[in-house]
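Colleague: Please read through the structure below; I'll follow up with questions.
The values are calculated or read from the model by the stated rules, or taken from the named source; none is laboratory data. Every value quoted in this text rests on a predicted model; they were computed, and no experiment measured them. Methodologically, a virtual Cβ is constructed for each residue, glycine included, from the backbone with ideal geometry; neighbour enumeration extends over all protein chains shown.
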Amino acid sequence: MFRIMWYAMAFAVAALPAQAQESDTAKMREELRQLQQRLQQLEKRLEQAESTATQAAVQASSRPQTESALNPGVSVILNGVYGNFSRDPNTYRLNGFVPTMGDVAAGRRGLSLGESELAFMSNIDHMFRGTLIASISPDNSSIDVEEGYIQTIGLSHGFTIKAGRFFSAVGYQNQVHAHAWDFADTPLAMKVFLGNQLNEDGIQFKWVAPTDLYFDAGVEFGRGRQFPSGVDRNKNGFGSTNLFTHLGGDLGQSIAWQTGLSHLRTSPQDRAYDDVDSAGAAVTNSFTGKSRLWVLDGVLKWAPNGNPTYNNFKLQGEYFRRNEDGNLTFDTAGAALTDGLSSRQSGWYLQAVYQFLPQWRFGYRYDRLDSGTTNIGLVDSGALSAADFPVLGGYNPKRNTVMVDWNPSEFSRIRLQFARDYSRLNQPDNQLLLQYIVSLGAHGAHKF
Amino acid sequence: MKTLLKLLLAIGAVLLAWPAAAALNVFACEPEWGALAQELGGDRVSVFSATTALQDPHRIEARPSLIARIRNADLVVCSGSELEVGWLPLLLTQSGNDRIQPGSPGFLEASQYVVKLEIPKVIDRALGDIHPAGNPHIHLDPRNIAKVAEVLTGRLVELDHANAELYKTRADAFARRWQPALESWTKRAAPLKGVPLVVYHKDMSYFINWSGMREAGALEPRPGIPPTPSHLADLVERMQRNPAKVIVYSPYNNPRAAEFLSERAKIPDVLLPFTVGGTEKAKDLFGLFDDTIDRLLATVK
């Protein structure tokens, strides 16, 4: 029975090709045609699929360019210093000039962590951009708002308005963040005229002219929370006004330049400072009056064909001139004698930094201050002697600074700096600083 | 009195007509986009290129002259993908110009409209100055130029509607010249397929991808970090085992590292224009690709 079935099956299989051979060639052609048609359809679908895939790839490969999707850009600046000073930095002062209210010393002895900076920035909407830069001081664990402002991006015709706390547009380096300075500390002129670096609570209006030659002009109204204003005034209106203007452009391919003029007007109220009277007793004096500061600044940058990658050179200088008129109170806690005070003082610095190899820079800075003329009413009237105001005695501080730094990438810098500082009367100070500064996170653009 | 009135009226008329008659100000971050805007806009656009072929577009200072130019721009065309992150954001915030802020029609990031290469899987600065959004040097693939041309035409039409027809005509004319040129470049570049090359920076990737060449190494140890002696020594050794056929560099690169490797590894080196203006023959976008392919063929042969 099974055997018969096997035979039948074998026969059927053997008969199949024969049957096919016999079948109609037209039918095969028809099948072939159908197959071709299906192949064409498949090709078409494949083509479509490919083009959608390309589109998808374009979309996938171009994710939104906002800073970290919708989170603000975050960056952290870390820095640490080793300081070696031949004179005690705690006794640092600039003779011939009214001490500013903050600490202006160049650093501390030994190893120390510098201020760490934490920055957030982002466009807020189509009208505003916001920036917050907080500095964390390592010792008393306090967080200071260094800058925290909004600025317009939605205005036209060259207008920008900035409000909040920001580095005032007085002079050139005052607007530059510490991590972007070419030397580890500020020029002496910034120490005596701006209390190191002036950040005001206020509002700034700026206009950029519609010319190919860069020209801007602006005004700032500030609270007057810092030197050269006095202590917090508790008053309506504003405590400081700053007018500024800049002119800048290119000279050929290789040179870019910018000059600026600014005028800061404040009215210090009970601006106090510590001194030692002729008897050697510690006294606190205070000034109330008008302070007028003029700053002329200039920057010139050179890079072969405008490509700073290998070699570049930067020359930067500022000239400060300040007039103060008002009343000086001697020993506010004791005698409290008051009479007029007027001073005409100035100072300048010039610095040059040369990148002689990729990643390596060398710089030199010269600082000079002129204590000018200071008329103290209490001395002129004979009530007190000049020896009662040792800090205001005529003296022209100066300083020479050299530095070399190594920048493994745009995000890190290691700097060695040496200064011979004649800030103190007849007491030259040798200052050696070894410093690292690094930035983490979002790539912040630097001002010119 | 009458003449004065006439004069005043004439001045008034000129002032009223001026914005309409004035050309569209295009601020191009890189010369290739400036050249493309010029092709598409003709005399209706006034093009300013923020950088030249001799400048590294990563490392530009936000110079006053650039702020002055971007302040008056109607359209900003940049590669994007964080190539200009060190300077463009500052120009934009300082410009006082709302027409060219990101998101407005006056701001065009070319790399958003093409398929990007080398989107990093790991984003870590230890890997060098990498671009999280992918390689931004998109212009050396001629197909990308055609795509960006379409987008740019759209923007020109949107911003200067009065001249829409002119832009469309010019765009068609450009496409009619570009397409055959692209075909001829594809044919001429055929011998380059599979040819191993050493680049300076990862700025040739789109050309390599288009031409089918093969990257066998980079002179920079990591993107944005200049060549170091130890890395070059390592490259020399690698080239002895697996020699590349050619070492290429751009006008803004220092040729010394390429020359050093060329000498030691006995591999020819060649300067490629990289962008418009990079060599004498790279006068426009057509010349850029002509010269790039010519120089490679002449060296590899």
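Colleague: Looking for whichever is surrounded by 14 or more Cβ atoms within 10 Å (Cβ to Cβ) and either in contact with a strand residue (DSSP E or B) (Cβ under 6 Å, 6 or more places away or on another chain) or assigned to a strand (DSSP E or B) (or both) here; the options are A:132, A:111. Which one fits?
Modeller: Numbers: A:111 fails: surrounded by 14 or more Cβ atoms within 10 Å (Cβ to Cβ).
Result: A:132 is the single residue among A:132, A:111 that is surrounded by 14 or more Cβ atoms within 10 Å (Cβ to Cβ) and either in contact with a strand residue (DSSP E or B) (Cβ under 6 Å, 6 or more places away or on another chain) or assigned to a strand (DSSP E or B) (or both).
Colleague: While we're looking at this one, here's another question. Applying the selection to region A:388-422, what residues are polar (S, T, N, Q) and surrounded by 22 or more Cβ atoms within 10 Å (Cβ to Cβ)?
Modeller: A:401, A:417
Colleague: Scan region B:190-223 for residues that are in contact (Cβ under 8 Å) with a residue 40 or more places away in the chain and in a strand (DSSP E or B) and jot them down.
Modeller: Answer for region B:190-223, where residues must be in contact (Cβ under 8 Å) with a residue 40 or more places away in the chain and in a strand (DSSP E or B): B:196, B:197, B:198, B:199, B:222.
Colleague: Anything in region A:147-163 that is at the interface with chain B (Cβ under 7 Å from one of its Cβ atoms) and not in a loop (DSSP other than H, G, I, E, B)? List them, or say none.
Modeller: The answer is A:151, A:159, A:160.
Colleague: Is region B:245-253 home to any residue that is away from chain A (no Cβ under 14 Å) and within 30 Å of residue B:38 (Cβ to Cβ)? Lay out the reasoning, then the answer.
Modeller: Filtering region B:245-253 down to residues away from chain A (no Cβ under 14 Å) leaves B:245-248.
Still in the list and also within 30 Å of residue B:38 (Cβ to Cβ): B:248.
Yes, the conditions are met somewhere in region B:245-253.
Colleague: Residue check, residue B:187 against (1) within 14 Å of chain A (Cβ to nearest Cβ); (2) assigned to a helix (DSSP H, G or I), all met but one. Which one?
Modeller: Every listed condition holds for residue B:187 apart from (1).
Colleague: With the checklist (1) of a type outside the set (Gly, Ala, Ser); (2) in contact with a His (Cβ under 9 Å, 6 or more places away or on another chain); (3) more than 14 Å from every other protein chain (Cβ to nearest Cβ) in hand, flag the one item residue A:297 doesn't pass.
Modeller: Of (1) of a type outside the set (Gly, Ala, Ser); (2) in contact with a His (Cβ under 9 Å, 6 or more places away or on another chain); (3) more than 14 Å from every other protein chain (Cβ to nearest Cβ), only one is false for residue A:297: (3).
Rundown of residues vs (1) among the aromatic types (Phe, Trp, Tyr); (2) modelled with pLDDT under 90; (3) part of a helix (DSSP H, G or I), yes/no style:
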{"site": "B:12", "(1), (2), (3)": "no, yes, yes"}
{"site": "B:25", "(1), (2), (3)": "no, no, no"}
{"site": "B:34", "(1), (2), (3)": "no, no, yes"}
{"site": "B:39", "(1), (2), (3)": "no, no, yes"}
{"site": "B:42", "(1), (2), (3)": "no, no, yes"}
{"site": "B:47", "(1), (2), (3)": "no, no, no"}
{"site": "B:66", "(1), (2), (3)": "no, no, yes"}
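Colleague: Do any residues in region B:113-129 that are at pLDDT 80 or above have Cβ atoms under 8 Å from those of residues that are assigned to a loop (DSSP other than H, G, I, E, B) and hydroxyl-bearing (Ser, Thr, Tyr), where the two are at least six apart or on different chains, and which pairs are they?
Modeller: Short answer, once both residue conditions are applied: B:113/A:62; B:114/A:62; B:116/A:62; B:116/B:81.
Colleague: Restricting to region B:96-117, what's the tally of residues that are within 7 Å of another protein chain (Cβ to nearest Cβ), over 13 Å from residue B:133 (Cα atoms) and small (Gly, Ala, Ser)?
Modeller: Residues flagged as within 7 Å of another protein chain (Cβ to nearest Cβ), over 13 Å from residue B:133 (Cα atoms) and small (Gly, Ala, Ser) within region B:96-117 amount to 2.
Colleague: Within region A:274-287, is there a residue that is free of Cβ contacts under 8 Å to residues at least 24 places away in the same chain, more than 16 Å from residue A:97 (Cα to Cα) and surrounded by 17 or more Cβ atoms within 10 Å (Cβ to Cβ)?
Modeller: We begin by selecting, within region A:274-287, every residue free of Cβ contacts under 8 Å to residues at least 24 places away in the same chain; these are A:279-282.
Now restrict to residues that are more than 16 Å from residue A:97 (Cα to Cα): A:279-282.
Okay, now just the ones that are also surrounded by 17 or more Cβ atoms within 10 Å (Cβ to Cβ), so none.
The answer is no; no qualifying residue exists.
This table checks each residue for (1) more than 13 Å from every other protein chain (Cβ to nearest Cβ); (2) of a type in the set (Phe, Trp, Tyr); (3) surrounded by fewer than 16 Cβ atoms within 10 Å (Cβ to Cβ); (4) closer than 28 Å to residue A:440 by Cβ.
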{"residue": "A:167", "(1), (2), (3), (4)": "yes, yes, no, yes"}
{"residue": "A:207", "(1), (2), (3), (4)": "no, yes, no, no"}
{"residue": "A:214", "(1), (2), (3), (4)": "no, yes, no, no"}
{"residue": "A:225", "(1), (2), (3), (4)": "yes, no, no, no"}
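Colleague: Please find, among A:245, A:241, the residue that is hydroxyl-bearing (Ser, Thr, Tyr), under 24 Å from residue A:346 (Cβ atoms) and within 14 Å of chain B (Cβ to nearest Cβ).
Modeller: Numbers: A:241 fails: within 14 Å of chain B (Cβ to nearest Cβ).
A:245 is the lone residue from the list that is hydroxyl-bearing (Ser, Thr, Tyr), under 24 Å from residue A:346 (Cβ atoms) and within 14 Å of chain B (Cβ to nearest Cβ).
Colleague: Just to be sure before I move on: is residue B:122 among the aliphatic types (A, V, I, L, M), more than 12 Å from chain A (Cβ to nearest Cβ) and assigned to a loop (DSSP other than H, G, I, E, B) in the structure I sent?
Modeller: yes
Colleague: Give the residues of region A:95-133 that are under 18 Å from residue A:198 (Cβ atoms) and either more than 14 Å from chain B (Cβ to nearest Cβ) or free of Cβ contacts under 8 Å to residues at least 12 places away in the same chain (or both), sorted by residue number. Before you say what the answer is, go through the steps one by one.
Modeller: Restricting attention to region A:95-133, the residues satisfying the condition of being under 18 Å from residue A:198 (Cβ atoms) are A:97-105, A:115, A:117, A:131, A:133.
Matches in region A:95-133: A:97, A:98, A:99, A:100, A:101, A:102, A:103, A:104, A:105, A:115, A:117, A:133.
Colleague: Can I ask one more? Out of everything in region A:135-146 that is surrounded by 12 or more Cβ atoms within 10 Å (Cβ to Cβ) and assigned to a loop (DSSP other than H, G, I, E, B), what residue ends up being modelled with the lowest pLDDT? Steps first, please.
Modeller: Let us first name the residues in region A:135-146 that are surrounded by 12 or more Cβ atoms within 10 Å (Cβ to Cβ), namely A:135-138, A:144-146.
Still in the list and also assigned to a loop (DSSP other than H, G, I, E, B): A:137-138.
Working: A:137: 86, A:138: 83.
Residue satisfying both the conditions and the ranking: A:138.
Colleague: Do any residues in region B:276-301 that are at positive phi have Cβ atoms under 8 Å from those of residues that are in a helix (DSSP H, G or I) and of a type outside the set (A, V, I, L, M, F, W, C), where the two are at least six apart or on different chains, and which pairs are they?
Modeller: Qualifying pairs under 8 Å: B:277/B:31.
Colleague: So, one more: I need a count of the residues in region B:127-145 that are more than 10 Å from chain A (Cβ to nearest Cβ) and surrounded by fewer than 17 Cβ atoms within 10 Å (Cβ to Cβ).
Modeller: Of the residues in that region, 2 qualify.
Colleague: Here's something else I'd like to know. Confirm whether residue B:258 is over 22 Å from residue B:282 (Cβ atoms) and buried (at least 19 other Cβ atoms within 10 Å of the Cβ). Before you say what the answer is, go through the steps one by one.
Modeller: On the way: over 22 Å from residue B:282 (Cβ atoms): no; buried (at least 19 other Cβ atoms within 10 Å of the Cβ): yes.
No; evaluated as a whole, the condition is false for this residue.
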